[in-house]
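In what follows, a structure is listed as C-alpha coordinates, so that the remarks can point back to it.
The values are calculated or read from the model by the stated rules, or taken from the named source; none is laboratory data. Computed from a predicted structure; not experimentally measured. Cβ: placed from backbone, ideal geometry, glycine included. Neighbour counts: every protein chain shown. All accessible areas refer to the heavy atoms of the entire protein, side chains included, with ligands and DNA or RNA removed. Shrake-Rupley method; radii C 1.70, N 1.55, O 1.52, S 1.80 Å.
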Amino acid sequence: MNDAKAILLKILDVIGYSEDKDKFATEFLQNVSLQSLLDLFNTLPQDKKDQLQQKITSAGNDAAKMQEELKIYFTEDQLGQAIENSAKNAVTEYMKTIEPTLSDSQKQNLANYFGEITKTASPAAI
Amino acid sequence: MAEPGSQESVPQSKAPQQNPTEASKGLLSRIVHGAKETGINVGLNMVPGGAYASAVRREGLKREATMPTSELTAMPDVQPKPKFIPERLSQQDPTEASKGFLRKFTDRLFTDRPEAAQVFLQSIAASRATQLAVQDFMQGNYPSAVAEGIIAGVLAVSPIRMINSIRRPL
(Lines give C-alpha, C1' and ligand atoms only; values in the text may rest on other atoms or scores of the structure.)
Protein backbone atom coordinates (compact mmCIF):
# COMPACT_ATOMS: atom_id res chain seq x y z
CA MET A 1 0.00 0.00 0.00
CA ASN A 2 1.56 3.26 -1.04
CA ASP A 3 -1.36 5.61 -0.64
CA ALA A 4 -0.49 7.86 2.28
CA LYS A 5 -3.86 9.53 2.43
CA ALA A 6 -5.68 6.19 2.49
CA ILE A 7 -3.56 5.07 5.44
CA LEU A 8 -4.33 8.24 7.33
CA LEU A 9 -8.03 7.98 6.57
CA LYS A 10 -8.11 4.42 7.83
CA ILE A 11 -6.36 5.44 11.06
CA LEU A 12 -8.92 8.20 11.55
CA ASP A 13 -11.69 5.71 10.93
CA VAL A 14 -10.36 3.23 13.49
CA ILE A 15 -9.93 5.88 16.19
CA GLY A 16 -13.44 7.15 15.56
CA TYR A 17 -12.49 10.62 14.36
CA SER A 18 -15.86 12.29 14.24
CA GLU A 19 -15.21 15.32 12.06
CA ASP A 20 -14.13 15.80 8.45
CA LYS A 21 -11.53 13.06 7.97
CA ASP A 22 -10.60 14.13 4.47
CA LYS A 23 -9.93 17.67 5.62
CA PHE A 24 -7.75 16.43 8.47
CA ALA A 25 -5.74 14.10 6.25
CA THR A 26 -5.27 16.79 3.60
CA GLU A 27 -4.02 19.33 6.10
CA PHE A 28 -1.80 16.76 7.79
CA LEU A 29 -0.13 15.86 4.50
CA GLN A 30 0.17 19.47 3.50
CA ASN A 31 2.04 20.17 6.72
CA VAL A 32 4.27 17.18 6.05
CA SER A 33 5.09 18.60 2.61
CA LEU A 34 5.83 22.04 4.00
CA GLN A 35 7.92 20.60 6.81
CA SER A 36 10.01 18.57 4.39
CA LEU A 37 10.55 21.60 2.19
CA LEU A 38 11.53 23.63 5.22
CA ASP A 39 13.99 20.98 6.35
CA LEU A 40 15.59 21.04 2.94
CA PHE A 41 15.63 24.82 2.87
CA ASN A 42 17.46 24.90 6.19
CA THR A 43 20.33 22.86 4.77
CA LEU A 44 21.17 25.64 2.28
CA PRO A 45 23.59 28.54 2.78
CA GLN A 46 21.98 31.97 3.02
CA ASP A 47 22.55 33.07 -0.56
CA LYS A 48 20.96 29.89 -1.90
CA LYS A 49 18.07 30.34 0.51
CA ASP A 50 17.34 33.76 -0.94
CA GLN A 51 17.50 32.42 -4.49
CA LEU A 52 15.26 29.45 -3.73
CA GLN A 53 12.66 31.61 -2.07
CA GLN A 54 12.42 33.88 -5.08
CA LYS A 55 12.15 30.94 -7.44
CA ILE A 56 9.49 29.16 -5.44
CA THR A 57 7.29 32.22 -5.24
CA SER A 58 7.76 32.98 -8.93
CA ALA A 59 6.80 29.38 -9.79
CA GLY A 60 3.37 30.20 -8.35
CA ASN A 61 0.90 27.39 -8.90
CA ASP A 62 3.01 25.66 -11.54
CA ALA A 63 4.05 22.38 -9.94
CA ALA A 64 6.20 21.41 -12.92
CA LYS A 65 8.14 24.65 -12.75
CA MET A 66 8.49 24.21 -8.99
CA GLN A 67 9.88 20.74 -9.57
CA GLU A 68 12.49 22.08 -11.96
CA GLU A 69 13.58 24.77 -9.52
CA LEU A 70 13.80 22.43 -6.55
CA LYS A 71 15.84 19.91 -8.50
CA ILE A 72 18.48 22.56 -9.11
CA TYR A 73 19.12 22.64 -5.39
CA PHE A 74 18.31 19.10 -4.24
CA THR A 75 18.75 15.61 -5.57
CA GLU A 76 15.89 13.13 -5.97
CA ASP A 77 17.21 11.21 -3.00
CA GLN A 78 17.29 14.30 -0.83
CA LEU A 79 13.74 15.22 -1.77
CA GLY A 80 12.44 11.72 -1.19
CA GLN A 81 14.30 11.33 2.09
CA ALA A 82 13.11 14.69 3.39
CA ILE A 83 9.48 13.88 2.83
CA GLU A 84 9.85 10.38 4.26
CA ASN A 85 11.48 11.75 7.44
CA SER A 86 8.91 14.46 7.79
CA ALA A 87 6.04 11.98 7.41
CA LYS A 88 7.61 9.56 9.85
CA ASN A 89 8.19 12.19 12.54
CA ALA A 90 4.73 13.65 12.14
CA VAL A 91 2.96 10.30 12.37
CA THR A 92 5.04 9.16 15.34
CA GLU A 93 4.18 12.30 17.23
CA TYR A 94 0.54 12.06 16.22
CA MET A 95 0.22 8.46 17.41
CA LYS A 96 1.86 9.31 20.74
CA THR A 97 -0.57 12.19 21.14
CA ILE A 98 -3.73 10.18 20.56
CA GLU A 99 -2.70 6.90 22.18
CA PRO A 100 -3.76 7.93 25.72
CA THR A 101 -7.21 8.83 24.44
CA LEU A 102 -7.88 5.48 22.78
CA SER A 103 -10.02 2.70 24.17
CA ASP A 104 -8.65 -0.82 24.40
CA SER A 105 -10.64 -1.94 21.38
CA GLN A 106 -9.42 1.03 19.34
CA LYS A 107 -5.82 0.18 20.26
CA GLN A 108 -6.38 -3.43 19.29
CA ASN A 109 -7.94 -2.45 15.97
CA LEU A 110 -5.10 -0.06 15.25
CA ALA A 111 -2.54 -2.70 16.10
CA ASN A 112 -4.31 -5.14 13.77
CA TYR A 113 -4.35 -2.57 10.99
CA PHE A 114 -0.68 -1.72 11.48
CA GLY A 115 0.09 -5.42 11.26
CA GLU A 116 -1.73 -5.58 7.91
CA ILE A 117 -0.01 -2.59 6.35
CA THR A 118 3.44 -3.61 7.47
CA LYS A 119 2.95 -7.01 5.88
CA THR A 120 2.07 -5.42 2.54
CA ALA A 121 4.67 -2.62 2.78
CA SER A 122 7.97 -2.84 0.96
CA PRO A 123 10.93 -4.11 3.00
CA ALA A 124 12.52 -0.62 2.82
CA ALA A 125 9.74 0.74 4.98
CA ILE A 126 10.55 -1.54 7.91
CA MET B 1 -41.69 41.70 79.08
CA ALA B 2 -39.31 44.03 77.37
CA GLU B 3 -40.62 47.11 75.71
CA PRO B 4 -39.98 47.38 71.96
CA GLY B 5 -36.87 49.44 71.29
CA SER B 6 -35.29 48.66 74.60
CA GLN B 7 -31.94 47.00 74.92
CA GLU B 8 -33.45 43.80 76.22
CA SER B 9 -35.50 43.31 73.06
CA VAL B 10 -32.44 43.23 70.83
CA PRO B 11 -31.51 39.60 70.17
CA GLN B 12 -28.04 38.77 71.37
CA SER B 13 -25.76 36.60 69.27
CA LYS B 14 -25.07 33.30 70.92
CA ALA B 15 -21.46 33.30 69.73
CA PRO B 16 -19.09 35.17 71.96
CA GLN B 17 -17.78 38.48 70.67
CA GLN B 18 -14.58 37.79 68.67
CA ASN B 19 -11.77 39.88 67.28
CA PRO B 20 -10.33 39.02 63.80
CA THR B 21 -7.46 37.03 65.26
CA GLU B 22 -9.67 34.80 67.34
CA ALA B 23 -12.11 34.46 64.43
CA SER B 24 -9.29 33.34 62.14
CA LYS B 25 -7.99 30.82 64.65
CA GLY B 26 -11.41 29.37 65.10
CA LEU B 27 -12.10 29.17 61.39
CA LEU B 28 -8.80 27.47 60.60
CA SER B 29 -9.28 25.06 63.41
CA ARG B 30 -12.71 24.10 62.13
CA ILE B 31 -11.41 23.71 58.58
CA VAL B 32 -8.58 21.42 59.61
CA HIS B 33 -10.74 19.34 61.92
CA GLY B 34 -13.37 18.99 59.25
CA ALA B 35 -10.81 17.99 56.65
CA LYS B 36 -9.23 15.51 59.00
CA GLU B 37 -12.56 13.83 59.58
CA THR B 38 -13.16 13.48 55.87
CA GLY B 39 -9.61 12.42 55.11
CA ILE B 40 -8.79 15.46 53.02
CA ASN B 41 -5.34 16.94 53.17
CA VAL B 42 -5.95 20.64 53.58
CA GLY B 43 -3.58 22.79 51.62
CA LEU B 44 -3.26 25.82 53.79
CA ASN B 45 -2.12 28.03 50.98
CA MET B 46 -3.90 30.93 52.49
CA VAL B 47 -1.36 31.07 55.28
CA PRO B 48 1.75 31.39 53.19
CA GLY B 49 5.16 30.54 54.53
CA GLY B 50 3.89 29.16 57.82
CA ALA B 51 5.69 26.20 59.31
CA TYR B 52 2.35 24.77 60.37
CA ALA B 53 0.97 24.92 56.83
CA SER B 54 4.05 23.17 55.46
CA ALA B 55 3.81 20.44 58.06
CA VAL B 56 0.14 19.82 57.31
CA ARG B 57 0.81 19.55 53.62
CA ARG B 58 3.73 17.23 54.19
CA GLU B 59 2.39 14.98 56.90
CA GLY B 60 -1.28 15.07 56.14
CA LEU B 61 -2.97 16.37 59.22
CA LYS B 62 -1.03 14.40 61.79
CA ARG B 63 -0.51 17.47 63.89
CA GLU B 64 -3.22 18.82 66.08
CA ALA B 65 -5.27 21.48 64.50
CA THR B 66 -4.03 24.33 66.56
CA MET B 67 -2.57 27.43 65.18
CA PRO B 68 0.23 29.14 67.04
CA THR B 69 -0.52 32.80 67.21
CA SER B 70 2.79 33.61 65.57
CA GLU B 71 1.73 31.68 62.47
CA LEU B 72 -1.35 33.72 61.94
CA THR B 73 -1.39 36.53 59.51
CA ALA B 74 -4.20 38.65 58.22
CA MET B 75 -5.94 36.63 55.55
CA PRO B 76 -4.20 37.64 52.35
CA ASP B 77 -6.03 38.13 49.14
CA VAL B 78 -4.73 34.91 47.55
CA GLN B 79 -6.17 33.49 44.38
CA PRO B 80 -6.56 29.72 44.67
CA LYS B 81 -4.62 27.75 42.08
CA PRO B 82 -6.95 26.47 39.41
CA LYS B 83 -6.84 22.68 39.19
CA PHE B 84 -8.90 22.44 36.05
CA ILE B 85 -6.68 22.28 32.98
CA PRO B 86 -9.02 22.93 30.08
CA GLU B 87 -6.62 21.97 27.33
CA ARG B 88 -5.84 18.58 28.82
CA LEU B 89 -9.47 17.73 29.47
CA SER B 90 -10.49 18.80 26.00
CA GLN B 91 -8.04 16.29 24.55
CA GLN B 92 -9.62 13.33 26.23
CA ASP B 93 -11.17 11.98 23.06
CA PRO B 94 -9.33 11.03 19.88
CA THR B 95 -11.05 13.68 17.77
CA GLU B 96 -10.12 16.56 20.03
CA ALA B 97 -6.62 15.16 20.55
CA SER B 98 -6.19 14.88 16.78
CA LYS B 99 -7.39 18.41 16.19
CA GLY B 100 -5.14 19.72 18.92
CA PHE B 101 -2.18 17.92 17.41
CA LEU B 102 -2.85 19.36 13.95
CA ARG B 103 -3.20 22.86 15.36
CA LYS B 104 0.14 22.55 17.12
CA PHE B 105 1.77 21.06 14.01
CA THR B 106 0.60 24.02 11.93
CA ASP B 107 1.56 26.58 14.56
CA ARG B 108 5.00 25.09 14.96
CA LEU B 109 5.61 25.25 11.22
CA PHE B 110 5.06 28.98 11.09
CA THR B 111 6.43 30.20 14.40
CA ASP B 112 9.52 29.95 16.51
CA ARG B 113 11.89 29.66 13.57
CA PRO B 114 14.86 31.57 12.25
CA GLU B 115 13.61 34.54 10.31
CA ALA B 116 14.73 33.28 6.90
CA ALA B 117 12.77 30.07 7.32
CA GLN B 118 9.68 31.93 8.50
CA VAL B 119 9.81 34.30 5.56
CA PHE B 120 10.24 31.36 3.20
CA LEU B 121 7.25 29.48 4.56
CA GLN B 122 5.11 32.58 4.69
CA SER B 123 5.88 33.33 1.07
CA ILE B 124 4.59 29.86 0.19
CA ALA B 125 1.60 30.08 2.49
CA ALA B 126 0.68 33.52 1.15
CA SER B 127 -0.58 31.88 -2.00
CA ARG B 128 -2.95 28.97 -1.74
CA ALA B 129 -1.97 27.99 -5.28
CA THR B 130 1.72 27.87 -4.33
CA GLN B 131 0.92 25.80 -1.28
CA LEU B 132 -0.98 23.31 -3.35
CA ALA B 133 1.81 23.22 -5.91
CA VAL B 134 4.30 22.34 -3.19
CA GLN B 135 2.01 19.64 -1.92
CA ASP B 136 1.35 18.27 -5.39
CA PHE B 137 5.03 18.24 -6.13
CA MET B 138 6.17 16.55 -2.94
CA GLN B 139 3.39 14.02 -2.73
CA GLY B 140 2.86 13.56 -6.41
CA ASN B 141 6.50 12.88 -7.13
CA TYR B 142 7.28 10.91 -4.04
CA PRO B 143 4.11 9.05 -3.07
CA SER B 144 6.01 6.01 -1.90
CA ALA B 145 8.23 8.14 0.29
CA VAL B 146 5.22 9.66 2.02
CA ALA B 147 3.57 6.29 2.55
CA GLU B 148 6.79 4.69 3.75
CA GLY B 149 7.33 7.56 6.13
CA ILE B 150 3.88 7.08 7.57
CA ILE B 151 4.39 3.36 8.00
CA ALA B 152 7.78 3.95 9.59
CA GLY B 153 6.15 6.44 11.94
CA VAL B 154 3.53 3.90 12.89
CA LEU B 155 6.19 1.27 13.55
CA ALA B 156 8.15 3.71 15.67
CA VAL B 157 5.21 3.87 18.06
CA SER B 158 5.21 0.10 18.00
CA PRO B 159 2.02 -1.89 17.70
CA ILE B 160 3.46 -4.23 20.32
CA ARG B 161 3.67 -1.41 22.81
CA MET B 162 0.15 -0.40 21.97
CA ILE B 163 -1.11 -3.94 22.58
CA ASN B 164 0.81 -4.11 25.85
CA SER B 165 -0.85 -0.94 27.00
CA ILE B 166 -4.24 -2.58 26.73
CA ARG B 167 -5.47 -3.37 30.20
CA ARG B 168 -5.61 -7.08 30.92
CA PRO B 169 -8.30 -8.54 33.21
CA LEU B 170 -6.91 -9.70 36.59
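Gyration tensor over the Cα atoms of the range A:1-66: the corresponding equivalent ellipsoid has semi-axes (square roots of 5 times the eigenvalues, largest first) of 32, 13, 10 Å. Computed from label points 7 Å out along Cα-Cβ, the spacing between residue B:122 and residue A:13 is 4.1 nm.
Annotation: per residue accessible area for chain A equals 47 Å², rounded to a whole number [probe 1.4 Å, protein chains only]. Pairing chains A and B buries close to 6000 square angstrom of accessible surface in total, based on protein heavy atoms and a 1.4 angstrom probe. Of the accessible area of chain A, computed with a 1.4 Å probe over protein heavy atoms only, carbon and sulfur atoms account for 46 percent.
Go through A:21/B:99; A:49/A:71; A:23/A:55; A:23/B:104 and tell me which ones have a Cα-Cα distance over 18 Å in this structure. Don't skip to the answer; put the middle values down first.
On the way: A:21/B:99 11 Å; A:49/A:71 14 Å; A:23/A:55 29 Å; A:23/B:104 16 Å.
Those over the limit are A:23/A:55.
The figure for residue B:103 is an accessible area of roughly 140 square angstrom, using a 1.4 Å probe on the protein chains alone. Extending 7 Å from the Cα toward the beta-carbon at both residue A:78 and residue A:20 defines two label points whose distance is 3.6 nm. Around residue A:73, under 10 Å between beta carbons, what's the net of Lys plus Arg minus Asp minus Glu among the other residues? Result for the neighbourhood of residue A:73: +3.
Taking all protein chains together and a 1.4 Å probe, the residues A:76, A:27 rank A:76, A:27 from largest to smallest accessible area. Helix-only arithmetic for chain A: the sum of -39500 (n - 2.57) across DSSP H runs with n ≥ 4, divided by the residue total, places the mean residue ellipticity at 222 nm at -25500 deg cm²/dmol.
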